[in-house]
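Below: the structure, in structure tokens.
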Amino acid sequence: MTDTLRITIKIADVEPIKFSIKREEEAIYRRAEHHVNKLYDKWREAGRRQSPMEVMARVALAFAELYYRKNELLEAQADILDRFEQNLDKILEPEMGDARQ
């Protein structure tokens with residue numbers, strides 16, 4: 001069995017997109033396809049007079065915003081963990097010095 005899989009993704013009113021992915025990533029792409037289409041349909045049905053391109057631009061912006069918010073959160077968590085490790089090293093340093101002798 002090959003490690004790659006050829007899939008087709010259908011987003012909104014755009015022609016289906018065909019490409020190859022790693023087999024283990026299929027669920028991620030299918031979930032992304034589902035959520036993009038769900039948000040697109042929700043905003044499209046909201047009754048606003050926007051073109052499909054404008055709706056898709058809003059969807060892209062929403063997911064980009066989510067990405068950057070999560071990225072900032074991960075960076076903040078990494079900083080907290082780094083400071084925690086530094087403090088833990090300071091606490092354990094005297095004991096580690098005794099263990100080396």
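One table, with the values for the structure above:
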| quantity | calculated |
| --- | --- |
| Matching residues in segment 21-63 - criterion: being of a type in the set (S, T, N, Q) and part of a loop (DSSP other than H, G, I, E, B) | Gln50, Ser51 |
| Any hit, segment 64-74, residues being modelled with pLDDT under 95, among the acidic types (Asp, Glu) and either more than 27 Å from Ile7 (Cα to Cα) or assigned to a helix (DSSP H, G or I) (or both) | no |
| Among the residues listed as Asn71, Asn37, the single one being surrounded by 11 or more Cβ atoms within 10 Å (Cβ to Cβ), out of contact with any Cys (no Cβ under 7 Å at 6 or more places or on another chain) and not β-branched (Val, Ile, Thr) | Asn37 |
| Segment 52-63: number of residues that are of a type outside the set (Val, Ile, Thr), touching a helix residue (DSSP H, G or I) at 6+ places or on another chain (Cβ under 9 Å) and farther than 22 Å from Ile7 by Cα | 3 |
| Checklist (1) exposed (fewer than 10 other Cβ atoms within 10 Å of the Cβ); (2) modelled with pLDDT of 95 or more; (3) part of a helix (DSSP H, G or I) applied to Lys18, failing item | (3) |
| Contacts under 9 angstrom Cβ, first residue in segment 43-65 being surrounded by 12 or more Cβ atoms within 10 Å (Cβ to Cβ), partner in a helix (DSSP H, G or I) and basic (Lys, Arg), 6 or more apart | Trp43/Arg58; Gln50/Arg44; Gln50/Arg58; Pro52/Arg44; Val55/Arg44 |
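The values are calculated or read from the model by the stated rules, or taken from the named source; none is laboratory data. Model, not experiment: these values are computed from the prediction. Don't worry about glycine lacking a Cβ; one is built from the backbone with ideal geometry, like all the others, and counts go over all protein chains shown.
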